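In what follows, a single structure is set out as structure tokens and then discussed.
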Amino acid sequence: MSTKKIPLNERIIVALDVEDPVLAKEMVQKCESHVTFYKVGLQLFMADWFNIVDWIVDRGHKVMLDLKFFDIPETVKLAVEQVNSRGVTYATIHGNDPIIRAAVEARGDMQLLAVTVLTSFGEEDLRAMGMTQSVEDLVAFRARRALELGCDGVVSSGLEAGKIRSDLGDKLLIVTPGIRPGANIETLADDQKRIVTAGSAIGDGANHVVVGRPITKADDPVRVIEMMQEEITSIA
Ligand code: C5P
């Protein structure tokens, strides 16, 4: 996987985390002069299935389908086969070896992103699951396995993007959620724990940032996009 130069209007992937396809379409229409990449996650997909994916793709935009498949390998393979002819650019799976193997086999022309550790997870959440590794080590381990098993990229927080890039070079795409605007970064964290700004994520080696609430809940989403794109331009 080559992480070639990515146009500015594909650097931010707007997460359409809304309950209704009408709202999603309004958001795309507000943002599309500046952004041509949208994430459809569980909430919106449950509301409109592939209709919203088809609508976004038909408008000439790219889609990251973020359903984070996690199941027995055969089920993951069959689910990926349901997606691979829909014009989706990135699809997400959980970054466990058998899941990655099954998904890679079935991906067709799509690119697969393995979730390393959810950005809402902190050290204490790993401890509560009985895991002794640090988040950073677990992310680094899963990113290496994703690359070895033929995955195209990983989803990881901005705090780990730099280590993944320096460990693994340019072969893996890095897509980073948990992005907040520079001002008041901590107070705007919501349920995210490992947050950074768009500029620092891209500066540390992320190829794209995924941004939901800071854009979708803003009074002026385009202004937030412009501010983040200015940060990215000054760094990339
Ligand atoms: O609103 P916010 O910017 O926090 O949204 C982040 C989006 O990225 C959500 O749609 C969430 O599901 C997704 N995501 C994440 N952490 C991951 C993978 C995806 O926050 N590791």
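Work the Kirkwood hydrodynamic radius out for the range 84-161: mean of 1/r over every pair of different alpha-carbon atoms, inverted, in Å.
Hydrodynamic radius (Kirkwood, Cα only) of the range 84-161 equals 13.0 Å.
Would you calculate a helix-derived [θ] at 222 nm for the chain, using -39,500 (n - 2.57) for each DSSP H run of n ≥ 4 and dividing by the full residue count, to the nearest 500?
The helix-only estimate for the chain comes to -13500 deg cm²/dmol at 222 nm.
Averaged across orientations, what area in nm² does the convex hull of the alpha carbons in the range 125-195 project?
Averaging across all directions leaves 5.5 nm² for the Cα convex hull.
Using a 10 angstrom cutoff on alpha carbons, build the Gaussian network for the chain and name the most mobile of Ala15, Ala201, Ala106.
Its mean-square fluctuation being the largest, the pick is Ala106.
Give me the percent of accessible area attributable to carbon and sulfur for the chain, probe 1.4 angstrom.
51
In Å², and per residue, what accessible area does the chain have when probed at 1.4 Å with the other protein chains present?
44
Mind listing the Cα extents of the chain along all three principal axes, in Å, largest one first?
41, 37, 35
When you take every Cα atom in the range 1-57, what is the radius of gyration, and what is Dmax, the widest Cα pair distance, in Å?
Cα-based Rg and Dmax for the range 1-57 come out at 12.1, 36 Å.
Mind checking which lysines have their Cα closer than 17 Å to the Cα of Lys30? Skip sequence neighbours fewer than 8 apart in that chain.
Lys39, Lys62, Lys217
For the range 50-190, what percent of Cα pairs sit more than 20 Å apart?
Of all Cα-Cα pairs in the range 50-190, 51 percent lie more than 20 Å apart.
If you build a Gaussian network model of the chain, linking Cα atoms that sit under 10 Å apart, which residue out of Ile12, Ile179, Ile215 swings the most?
Ile215
Could you pull out every residue, at least 5 positions away or on a different chain, whose amide H is within less than 5 Å of the one on Ser157? Hs are placed 1.01 Å off N in the peptide plane, and Pro or chain starts have none.
When sequence neighbours closer than 5 places are left aside, the close amide H contacts are Val117.
The values are calculated or read from the model by the stated rules, or taken from the named source; none is laboratory data. Here the structure is a predicted model, which is why all the values come from computation and not from measurement. Ligands, DNA and RNA are excluded from the accessible area calculation, which covers all protein heavy atoms including side chains. Shrake-Rupley method; radii C 1.70, N 1.55, O 1.52, S 1.80 Å.
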